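Structure record follows, encoded as structure tokens.
The values are calculated or read from the model by the stated rules, or taken from the named source; none is laboratory data. Model, not experiment: these values are computed from the prediction. Cβ coordinates were reconstructed from backbone atoms using ideal geometry, including for glycine residues, and neighbour counts include every protein chain displayed. Ligands, DNA and RNA are stripped out before the accessible areas are found, and what is left, the full protein with its side chains, is counted by its heavy atoms. Shrake-Rupley method; radii C 1.70, N 1.55, O 1.52, S 1.80 Å.
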Amino acid sequence: FIQKQAKSTYILGGMTIAASASLFLLFLVLLFLNKSVRLFQLTTLLTLFVVLSTTGVFFEKVVDLSYATQKIVFLITNAIFLPIMTVLTLLITEWVLTRRVSWITYSLMFSIPFASAAGHLFNISLPFGLLQGVMVFYFGYLVIRSSRSMKSVEWAVVIAMIILTVGGVISVFLHKYYRVESAEYELPIKAAVLLSSPLLLLVYVSLSYK
């Protein structure tokens with residue numbers, strides 16, 4: 001069973017990292033061909049952090065690392081790459097819906113990684129929880145305010161943010177309360193959540209730009 005689990009982890013990790021890298025290269029090509037398009041600038045940056053996040057999540061699972069190195073990779077991934085990836089998805093959602101980015105989103109971009117790092121280093125979770133609440137509340141505000149004027153294709157971007165938020169909550173809940181029982185499903189859930197944003201943004205781009 002252990003060998004089978006290890007093999008499936010290698011396969012899933014390799015496929016997820018390869019898929020994220022392919023999406024990054026695709027958006028990089030789109031940016032190269034359309035350097036002035038703001039959306040391509042943002043999506044390229046987002047997919048870069050998706051690649052970094054997927055690599056960080058699966059690297060420690062498939063490579064035999066020392067305990068100290070494993071903790072460093074875990075900290076960098078969870079305190080920097082994943083929070084920035086999430087806030088970048090919010091930033092892109094706001095830009096798609098309003099064609100601007102507010103100071104609130106920029107503030108979250110800089111503050112959430114610090115709060116996440118404090119939570120992992122010093123077990124201080126309150127600041128991170130409060131900032132996550134602000135992010136979710138602001139996202140809901142954006143969707144409600146833009147609901148009347150929102151185009152059908154823009155729901156792809158909104159759904160990407162919803163999947164990230166809900167998927168993150170589910171992952172944390174399972175890891176905290178059902179760590180052993182959910183071990184088999186933890187990485188597939190993470191892989192699906194990590195790839196959801198670039199894939200749904202690709203849908204949006206393909207339907208919006210001819």
- Take the alpha carbon gyration tensor of region 97-176, find the square roots of its eigenvalues, order them as a ≥ b ≥ c, and report rounded if a/c is under 1.5; if not, report prolate when a/b exceeds b/c, else oblate. oblate
- Label-point separation, K35 to T9 (7 Å along Cα→Cβ), nm: 4.4 nm
- Could you tell me how many degrees, from 0 to 90 and to the nearest 10, lie between the Cα long axis of helix 67-76 and the main elongation axis, the longest principal axis, of the Cα atoms of the chain? 10 degrees
- Message: Just the number please: accessible area per residue for the chain, 1.4 Å probe, all protein chains included, in Å².
- Response: 56 Å²
- Message: Let's test the formula: R0 of 35 Å, r as the Cβ-Cβ distance of E184 and L207. What FRET efficiency results, to the nearest 0.05?
- Response: 0.50
- Task: Compute the acute angle (0 to 90°) between the alpha-carbon long axis of helix 82-98 and the principal axis of greatest extent of the alpha-carbon atoms of the chain; round to the nearest 10°.
- Result: 20 degrees
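Given +1 on the Cβ of Lys and Arg, -1 on the Cβ of Asp and Glu, and no further charges, what dipole in debye does region 36-182 carry about its Cα centre, rounded to the nearest 20?
400 debye
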- Item | region 1-83: chymotrypsin sites (Phe, Trp or Tyr not before Pro) in DSSP loop, at most 14 other beta carbons within 10 Å | F1
- Message: What is the angle, in °, between the Cα long axis of helix 103-122 and the longest principal axis of the Cα atoms in the chain? Nearest 10 is fine, range 0 to 90.
- Response: 10 degrees
- For F137 and V101, calculate 0.36 nm times their separation in residues minus their Cα-Cα distance, and state this gained length in nm to one decimal. 11.4 nm
- Add -39500 (n - 2.57) for each DSSP H run of 4 or more in the chain, then divide by its residues: what number comes out at 222 nm, to the nearest 500 deg cm²/dmol? -29000 deg cm²/dmol
